[in-house]
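Data block below; observations after.
Any read-out appearing in this document is the output of simple, stated calculations on the displayed coordinates, not a laboratory observation. None of these values were measured; they are calculated from a predicted model. Don't worry about glycine lacking a Cβ; one is built from the backbone with ideal geometry, like all the others, and counts go over all protein chains shown.
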Ligand code: PLP
């Protein structure tokens with residue numbers, strides 16, 4: 001089979017859609033004015049920004065486009081939301097999150113913990129699902145903020161955010177609720193106006209807009225203070241001259257994502273399911289985690305038992321396949337994924353877990369190619385494993 005590049009790492013970042021790029025290009029050349037300028041050349045640009053704000057509001061289900069603030073990325077949205085919420089609820093010292101959040105929330109919470117906040121980290125079950133009972137029990141009169149992600153970046157598991165929002169407000173209406181929706185935007189329908197979500201963050205580069213642009217939904221009536229101080233841009237919440245082309249890009253990407261929410265996601269899910277089925281059929285030591293939990297349609301987390309994720313990734317990359325491992329190797333450590341650890345996944349699977357994430361640009365041919373090249377790679381790496389006896393037993397157990 002001829003070697004090809006198969007990009008199955010769309011939860012890390014996505015390709016900018018050509019239609020998005022086309023919309024952005026004039027803002028680097030002909031329409032380079034500053035939207036805050038008094039003259040028409042710049043002033044006109046603010047009208048384009050208004051359209052993009054409406055497009056993002058529409059994807060989120062926000063009633064008022066002014067509830068959308070453009071930021072630099074998902075991480076920034078989370079930081080503005082969390083630190084701002086605690087300024088609003090200044091006298092409360094208890095905050096809640098889950099054990100499986102992205103580092104942009106997890107590390108912000110750890111930072112707050114060091115500064116005297118009392119943190120509850122909610123557990124997930126073996127399928128990676130959140131238990132709402134635990135959330136209900138954790139909220140008290142001192143709870144300033146609850147932060148829960150909508151979809152997990154490693155497993156794709158979707159949390160019941162609408163239900164969680166209602167629980168938060170029923171238990172304490174003063175508690176603010178932030179949702180990290182970076183992996184949910186464009187993958188599941190969202191309607192922030194129909195449930196008591198106060199704050200919600202997204203990131204353009206996860207749904208075919210460029211890197212360097214994100215957005216934060218702030219429900220009408222919540223007066224969030226800014227993290228950095230400056231001018232009046234973005235209502236003073238995110239001052240600094242706007243990333244105009246990026247904003248136009250995330251607007252167009254939001255519009256396209258909304259159009260793709262129905263049929264295209266079914267096609268992606270079919271490909272993802274075929275991929276999982278194919279791997280499980282051909283590789284005896286493969287196991288899909290969170291398979292029976294509600295998941296976004298593009299993500300699968302497959303553990304290849306008794307072997308090393310990093311070694312697999314190197315071999316996959318040689319064969320043209322881009323994926324990522326659960327280990328925090330990007331941060332320079334080989335610590336296994338905190339998400340899989342929270343799910344109680346055994347040590348022998350933790351290190352061999354690989355996340356494959358598809359997009360609307362993934363083709364049937366990509367999946368066929370991946371199913372052709374991955375099994376022999378695993379077969380080869382199995383040969384290097386120190387767990388030969390266990391692998392033999394597993395092979396027998398699974399009737400291969
Ligand atoms: N939240 C989740 C769930 C993510 O997956 C990511 C990125 O991987 C982020 C937040 C951070 O987004 P950004 O890269 O735009 O800062």
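Data overview
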item	result
Orientation-averaged projected area, Cα convex hull of segment 168-244 (nm²)	6.1
Stretch gain in nm, segment residue 136-residue 47, where the contour uses 0.36 nm per residue and the Cα spacing is subtracted	27.7 nm
Gained length - residue 398 relative to residue 3, 0.36 nm times residue gap less alpha-carbon distance	139.1 nm
Fraction of beta bridges assigned by DSSP in the chain that are antiparallel (%, nearest 5)	55
Taking the chain and dividing mean pair separation by its residue count, relative contact order in percent (alpha carbons under 8 Å, at least six apart)	22
Segment 18-257: antiparallel DSSP beta bridges as a percent of all, rounded to 5	40
Centroid-to-centroid separation of segment 199-248 and segment 146-198 [C-alpha atoms, Å]	19
Theoretical gain in end-to-end length, residue 322 to residue 280 [0.36 nm per residue, Cα-Cα removed]	13.2 nm
Principal axis box of the chain, alpha-carbon based, largest edge first, Å	71, 53, 36
Förster radius 30 Å - calculated FRET efficiency between residue 15 and residue 123, Cβ distance, rounded to 0.05	0.25
Inter-label distance for residue 38 and residue 241, nm, one decimal - labels placed 7 Å from Cα along Cα-to-Cβ	1.8
Calculated P(r) of segment 18-257 - Cα pairs past 30 Å, %	24
Rounded to 10°, Cα long-axis angle of helix 244-260 versus longest principal axis of the chain	60
Mean residue ellipticity (222 nm) of the chain, computed from DSSP H runs ≥ 4 via -39,500 (n - 2.57), nearest 500	-12500 deg cm²/dmol
Cβ crowding within 10 Å averaged over residues, with 19-27, 214-222 ranked highest first	214-222, 19-27
Between 0 and 90°, nearest 10: helix 40-60 axis offset from the chain longest Cα axis	50
Fraction in percent of alpha-carbon pairs per bin - 5 Å, segment 1-106	2, 8, 11, 15, 17, 16, 11, 9, 7, 3, 1, 0, 0
Distance (nanometres) between label positions extended 7 Å along Cα→Cβ at residue 110 and residue 229	3.0
